[in-house]
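Some notes on the structure that comes next.
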Amino acid sequence: MNQLQAHELENWDGQVDQEEAKQRFQITGMDSLNWAFRKLSALKAKETDIINLAKAEKERIEHWEATEKASLNNDIQFFEMLINEYHAQVMKEDPKAKTLSTPYGKSKSRKSKAQPDKANEATILEYIEENAMTEYIKPTLKWADFKKSLTIVGDKIVDENGQIVPGVAIKPEDITYKVEVE
């Protein structure tokens with residue numbers, strides 16, 4: 001926030017009751033519009049200052065957290081490895097020992113069967129198409145492209161051939177406003 005923006009906020013108490021503000025002040029011309037934009041610009045600049053400060057503090061805290069956790073990760077991995085090795089040794093002797101429990105934690109094992117995994121989707125799709133296995137391909141609608149081919153006629157939507165398209169509604173025209181502060 002620069003000095004001009006800080007000056008704009010000096011006499012501003014920051015509390016805005018919408019109804020009271022409407023009765024107290026209205027924009028009636030270019031001068032009052034300019035005043036409102038100056039106030040808005042100063043408030044946006046103050047908001048940016050707050051966001052930047054918070055971001056800097058978050059980054060500092062995240063850096064501290066990462067540094068602290070990095071020193072612990074090696075120790076955590078070491079103890080998890082020891083527990084896993086012990087559990088594997090116990091399971092060799094007793095294959096039914098899927099869970100080892102202590103007052104401070106549990107070691108659980110889970111066996112999964114071998115199963116196919118998708119390594120290259122393009123190659124799989126090519127194989128499916130070559131072998132006419134199209135039931136494994138799911139079609140999707142390319143809405144953006146399809147929408148360009150539609151036309152509104154009265155209260156109906158028709159395609160390029162003049163046929164009414166079911167399942168499509170008319171979104172009414174509307175006007176939106178956006179305030180940009182520089």
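The values are calculated or read from the model by the stated rules, or taken from the named source; none is laboratory data. For clarity, every value in this text was computed on a predicted model and none was experimentally measured. Cβ sites come from the backbone with ideal geometry, for glycine too, and all protein chains shown count toward neighbours. Side chains are part of the model used for accessible areas, which takes the heavy atoms of the whole protein and leaves out ligands, DNA and RNA. Shrake-Rupley method; radii C 1.70, N 1.55, O 1.52, S 1.80 Å.
Gain in length, residue 160 to residue 67, computed as 0.36 nm per residue apart minus the alpha-carbon separation, to one decimal in nm?
Details: separation 93, 0.36 × 93 = 33.48 nm, distance 6.10 nm.
Extending this stretch completely gives an extra 27.4 nm.
Quick one: 3J(HN,Hα) in Hz for segment 39-45, Karplus 6.51/-1.76/1.60 with θ = phi - 60°, rounded, Gly and Pro as x.
4, 4, 4, 5, 5, 5, 5
How much length is gained if the chain between residue 114 and residue 128 is pulled fully straight, taking 0.36 nm per residue apart and subtracting their Cα-Cα distance, in nm to one decimal?
Length difference between fully extended and current span is 2.8 nm.
Would you calculate, for the chain, the mean residue ellipticity at 222 nm contributed by helices, counting each DSSP H stretch of 4 or more residues as -39,500 (n - 2.57) and dividing by all residues, to the nearest 500?
On the way: 5 runs with 95 residues, N = 182.
Computed ellipticity for the chain at 222 nm equals -18000 deg cm²/dmol.
Using 7 Å Cα-to-Cβ label points, what is the residue 94/residue 33 separation (nm, one decimal)?
According to this spin-label approximation, the distance is 8.3 nm.
Would you be so kind as to identify which of 78, 63, 103 lies farthest towards the positive end of the dipole of segment 10-149, taking Lys and Arg as +1 and Asp and Glu as -1 on Cβ and the Cα centre as origin?
103
Name the long-range amide H neighbours of residue 157: under 5 Å, sequence gap of 5 or more, or other chain; modelled H, no Pro or chain starts.
Counting only residues 5 or more places away or on other chains, the set is 165.
Taking the alpha-carbon distance from residue 156 and a cut-off under 26 Å, which lysines remain once sequence neighbours fewer than 8 residues away in the same chain are dropped?
Filter leaves 142, 147, 148, 171.
Please compute the per residue accessible area over the chain with all protein chains in place, 1.4 Å probe, rounded to a whole number of Å². Intermediate results must be reported in sequence, preceding the final value.
Details: 17260 Å² over 182 residues.
Per-residue accessible area for the chain comes out at 95 Å².
Using only Cα atoms, locate the centre of segment 128-160 and the centre of segment 87-109, then give the distance between them in Å, rounded to an integer.
Cα centres, segment 128-160 to segment 87-109: 54 Å.
Applying the Karplus parametrisation 6.51 cos²θ - 1.76 cosθ + 1.60 with θ = phi - 60° to the phi angles of segment 25-37, what ³J(HN,Hα) value in whole Hz is obtained for each residue in order, glycine and proline being reported as x?
9, 9, 7, 10, x, 5, 5, 6, 5, 4, 4, 4, 5
If r is the Cβ-Cβ distance from residue 102 to residue 57 and R0 is 45 Å, what FRET efficiency results, to the nearest 0.05? Present the calculation step by step, with values, prior to reporting the outcome.
Working: r = 40 Å, r/R0 = 0.89.
It comes to 0.65.
Tally up the carbon and sulfur contribution to the accessible surface of segment 90-133 as a whole percent, 1.4 Å probe, everything protein left in place. Don't skip to the answer; put the middle values down first.
Numbers: 2270 of 4490 Å².
Heavy-atom surface of segment 90-133 belonging to carbon and sulfur, 1.4 Å probe: 51 percent.
For the chain, just the Cα set please: Rg and Dmax, both in angstrom.
32.6, 88
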